[in-house]
Amino acid sequence: MLDLLPDLFDDYAKQLNLAEPLFNDYGEKLVFAGEIVTVSCFNDNSKVKALVATDGTGKVMVVDGKASTTNALLGDMLAEKAVANGWQGIIINGCIRDAGTIGTLKLGVKALGCNPIKTEKLGVGEVNITVSFAGIDFIPGQFVYADKNGIAVSETLLKVR
C-alpha cells in the first residue's frame, strides 16, 4: 500500500484530524500507523532514547521538540533501536540526523528537517502527556496514521481497507 490517508478520509473523514503539512519523510517505511506514545522535550533526547529501548509493537512515538532546529532528536543508533523493538514510526516536531542511514531502516520517520548536531542528555522532558503541534493534539492512547499525504489522528483504531 502506497497511500493510506486518502482511503481513511474517504471512509472516516469525521473521525480524523489532519495535521498541517509541515513534515518531511525520512524513514524507508513511508506508510505507518499505530497507538500514540508521546514525548515532550527541548533539545534533549533523553526520553526518546529511553522509549526506543521499550517494546514499541503497534506504536508510533510522537515527539514534540518545540519545532527546534538547533539539535537532532533522533539519529541512526536510536532509530536502529526503535526498529529492533518494533516501533512502527516516529514523528518529530523538530530535527533528525543521520538521514542517509535512517532512510535505509524499516521505520516510518517524519520530521521538520535535519541537523547534524546531537542533543544534550540531561534527562529533561515528559512522556505520555498530550502534545499539540501542526494544528492538532496528539493524545497518548489515540491513533496516528501517516503516509506521504500527511499525518492524521483518530480517537479510535480505524479499519484500513
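Values in this text are rule-based calculations from the coordinates and carry no lab data. As the structure is a computational prediction, the values presented were derived from the model and not from experiment. Using ideal geometry, Cβ is built from the backbone for each residue, glycine included, and neighbour counts are taken over all protein chains shown.
Can you tell me which residue is surrounded by the fewest Cβ atoms within 10 Å (Cβ to Cβ) among those in region 53-64 that are at negative phi and either assigned to a loop (DSSP other than H, G, I, E, B) or touching a helix residue (DSSP H, G or I) at 6+ places or on another chain (Cβ under 8 Å) (or both)? Before the answer, list the steps.
Taking region 53-64 and keeping what is at negative phi, we get 53-57, 59-64.
From what is left, the residues that are either assigned to a loop (DSSP other than H, G, I, E, B) or touching a helix residue (DSSP H, G or I) at 6+ places or on another chain (Cβ under 8 Å) (or both) are 53-56, 61, 63.
Details: Ala53: 13, Thr54: 15, Asp55: 9, Gly56: 24, Met61: 26, Val63: 27.
Result: Asp55.
Since Ala84 meets every condition but one in (1) out of contact with any Leu (no Cβ under 8 Å at 6 or more places or on another chain); (2) in contact (Cβ under 8 Å) with a residue 60 or more places away in the chain; (3) not polar (S, T, N, Q), which condition does it not meet?
Result: Ala84 passes all but (2).
Just to be sure before I move on: is Gly113 of a type outside the set (A, V, I, L, M, F, W, C) and not in a loop (DSSP other than H, G, I, E, B) in the structure I sent? Give the derivation first.
Working: of a type outside the set (A, V, I, L, M, F, W, C): yes; not in a loop (DSSP other than H, G, I, E, B): yes.
Yes, satisfied.
Taking region 134-148 as the region of interest, how many residues are buried (at least 19 other Cβ atoms within 10 Å of the Cβ) and in contact with a helix residue (DSSP H, G or I) (Cβ under 9 Å, 6 or more places away or on another chain)?
3
Answer with yes or no whether Lys106 is surrounded by fewer than 20 Cβ atoms within 10 Å (Cβ to Cβ) and among the basic types (Lys, Arg).
Numbers: surrounded by fewer than 20 Cβ atoms within 10 Å (Cβ to Cβ): yes; among the basic types (Lys, Arg): yes.
Spelling it out, Lys106 is indeed surrounded by fewer than 20 Cβ atoms within 10 Å (Cβ to Cβ) and among the basic types (Lys, Arg).
Working carefully through the options Ala72, Ala67, find the one that is surrounded by fewer than 17 Cβ atoms within 10 Å (Cβ to Cβ), in contact (Cβ under 8 Å) with a residue 24 or more places away in the chain, among the small types (Gly, Ala, Ser) and within 24 Å of Glu120 (Cα to Cα). I'd like the intermediate steps shown before the answer.
Working: Ala72 fails: surrounded by fewer than 17 Cβ atoms within 10 Å (Cβ to Cβ).
From the options Ala72, Ala67, the qualifying one is Ala67.
Quick check on region 45-52. Is at least one of its residues more than 13 Å from the chain's Cα centre (by Cα), surrounded by 15 or more Cβ atoms within 10 Å (Cβ to Cβ), among the charged types (D, E, K, R) and under 28 Å from Thr156 (Cβ atoms)? Show your work before the answer.
From region 45-52, those more than 13 Å from the chain's Cα centre (by Cα) are 45-47, 49-50; that's our starting set.
Now narrow it down to the ones that are surrounded by 15 or more Cβ atoms within 10 Å (Cβ to Cβ): 45-47, 49.
Subsequent filtering for residues that are among the charged types (D, E, K, R) retains 47, 49.
If we keep only those that are under 28 Å from Thr156 (Cβ atoms) as well, we get 47.
Within region 45-52, one or more residues are more than 13 Å from the chain's Cα centre (by Cα), surrounded by 15 or more Cβ atoms within 10 Å (Cβ to Cβ), among the charged types (D, E, K, R) and under 28 Å from Thr156 (Cβ atoms).
When you check Thr38 against the structure, is it of a type in the set (Ser, Thr, Tyr), in a loop (DSSP other than H, G, I, E, B) and under 24 Å from Leu122 (Cα atoms), yes or no?
Values: of a type in the set (Ser, Thr, Tyr): yes; in a loop (DSSP other than H, G, I, E, B): no; under 24 Å from Leu122 (Cα atoms): yes.
For Thr38, the condition - of a type in the set (Ser, Thr, Tyr), in a loop (DSSP other than H, G, I, E, B) and under 24 Å from Leu122 (Cα atoms) - is not met.
Take the residues of region 109-133 that are surrounded by 21 or more Cβ atoms within 10 Å (Cβ to Cβ) and of a type in the set (A, V, I, L, M): which is farthest from Leu22 (Cα to Cα)?
The extreme case among them is Val131.
Within region 1-28, which residues are farther than 25 Å from Val83 by Cβ, in contact (Cβ under 8 Å) with a residue 40 or more places away in the chain and not in a loop (DSSP other than H, G, I, E, B)? Walk me through how you get there before you give the answer.
Initially, region 1-28 is screened for residues farther than 25 Å from Val83 by Cβ, giving 6-7, 9-18, 20-21.
Filter once more, keeping what is in contact (Cβ under 8 Å) with a residue 40 or more places away in the chain: 6-7, 9, 11-12, 15-18, 20-21.
Once the filter is applied, which keeps residues that are farther than 25 Å from Val83 by Cβ, in contact (Cβ under 8 Å) with a residue 40 or more places away in the chain and not in a loop (DSSP other than H, G, I, E, B), region 1-28 yields Pro6, Asp7, Phe9, Asp11, Tyr12, Gln15, Asn17, Leu18.
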